[in-house]
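Structure record follows, encoded as structure tokens.
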Amino acid sequence: MASDDAVNPFDDRSADPFEIARIAAEQIAERTGVEQHDIALTLGSGWGRAADLIGETTASIPATDIYGFSRPSVVGHVGTIRSVLLPSGKRALVIGARTHYYEGFGARRVVHSVRTAAATGAKIMILTNGAGGLKPEWAPGTPVLISDHINLTAVSPLEGATFVDLTDLYAQRLRDIAHTVDPSLDEGVYVQFHGPNYETPAEVRMAGRMGGDIVGMSTAMEAVAARHSGMEVLGMSLITNPAAGISPTPLDHQEVIAAGVAAEAVISDLLARIVAEL
Ligand code: 8IG
């Protein structure tokens with residue numbers, strides 16, 4: 001069994017990341033008693049309460065018990081992995097343990113949760129995050145659908161000759177379903193920066209001229225890996241702050257957290273209603 005002091009399997013560059021995910025999925029099946037999951041969700045800042053609203057949690061595992069999740073995040077929150085029984089009878093795997101690229105453990109570690117979700121059988125991957133907004137009309141607390149992305153890390157989680165088509169990465173089918181639940185939901189192009197620093201105002205202007213609407217530090221690499229693993233992707237950002245330079249006041253991390261907390265009930269309820277339609 002993996003534990004906090006176990007050797008991290010991603011330290012071995014010759015280890016197959018898909019085999020690591022397969023082992024992790026096997027452990028999840030064993031610990032949850034659920035052979036197959038149908039949908040997976042990664043809940044980012046502000047989205048946590050959705051786990052309680054989508055259905056009945058039947059198992060909750062500290063992520064560090066699962067292979068490949070063993071090294072604690074430098075950010076310090078120990079995530080849990082939950083199996084949730086949806087009212088439809090489907091099974092959701094809720095992953096509360098995102099690893100960001102800026103933590104420095106490499107792209108394989110960043111997308112391990114997504115590959116593990118695919119290995120549990122999930123066909124739909126819902127990726128949520130907290131992010132900065134470029135549209136002044138997006139007040140802090142506004143949820144936005146991700147329509148496409150620009151990966152400014154320039155790092156792909158894929159290796160070798162894996163020429164995956166990303167034309168419909170954030171599946172139109174799933175965005176249409178989200179719009180039936182809330183027709184007022186806006187959409188935007190997500191720009192993944194390396195972080196952990198927030199952008200300079202010049203970088204935000206650049207992101208806007210490139211066609212970006214949302215700035216964040218996650219999700220794009222995860223979406224690519226999810227698509228490569230054969231899953232449909234739904235992406236949603238909670239705009240917790242205007243991106244740097246969009247509003248005259250500097251970004252304050254505590255204010256960003258507070259905006260997430262304030263919006264949590266509303267957006268978690270929205271996400272639960274979307275999941276019920278999938
Ligand atoms: I919450 O303004 C949150 N995450 N890159 N920029 C980036 N990430 C973020 C931001 C932001 N707000």
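The values are calculated or read from the model by the stated rules, or taken from the named source; none is laboratory data. The structure presented is a predicted model; accordingly, all values stated were derived computationally and were not measured. Every residue, glycine among them, receives a Cβ derived from its backbone with ideal geometry; neighbour counts consider all protein chains shown. Protein only, heavy atoms only, side chains kept; ligands, DNA and RNA dropped before computing areas. Shrake-Rupley method; radii C 1.70, N 1.55, O 1.52, S 1.80 Å.
Values computed for the structure shown
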read-out	value
Close pairs (9 angstrom Cβ cut-off, 6 or more residues apart or separate chains): at positive phi in region 195-211, within 9 Å of the ligand (Cβ to nearest atom) anywhere	Gly195/Gly216; Gly195/Met217; Gly195/Ser218; Gly211/Val191
Selection from region 121-139 of residues that are small (Gly, Ala, Ser), more than 12 Å from the chain's Cα centre (by Cα) and either within 30 Å of Glu255 (Cα to Cα) or surrounded by fewer than 22 Cβ atoms within 10 Å (Cβ to Cβ) (or both)	Gly121, Gly132, Gly133, Ala139
Residue ranges of helices (runs of 4 or more DSSP H) in region 173-278 with at least 1 members open to solvent by 50 Å² or more (accessible area, probe 1.4 Å), of a type in the set (D, E, K, R) and within 11 Å of the ligand (Cβ to nearest atom)	201-210, 253-276
Region 92-120 - residue that is open to solvent by 10 Å² or more (accessible area, probe 1.4 Å) and among the small types (Gly, Ala, Ser) and, of those, farthest from Asn151 (Cα to Cα)	Ala119
Count - residues of region 13-50 that are among the hydrophobic types (A, V, I, L, M, F, W, C) and part of a helix (DSSP H, G or I)	9
Near pairs, Cβ below 9 angstrom, 6+ apart or cross-chain, from region 253-278 (closer than 20 Å to Ala40 by Cα and of a type in the set (Ser, Thr, Tyr)) to any residue that is open to solvent by 90 Å² or more (accessible area, probe 1.4 Å) and part of a helix (DSSP H, G or I)	Ser268/Asp52
Lone unmet requirement of (1) within 16 Å of the ligand (Cβ to nearest atom); (2) touching a residue at least 12 places away in the same chain (Cβ under 8 Å); (3) in a loop (DSSP other than H, G, I, E, B) for Ser156	(1)
Residue match in region 65-73 (condition: open to solvent by 60 Å² or more (accessible area, probe 1.4 Å) and within 16 Å of the chain's Cα centre (by Cα))	no
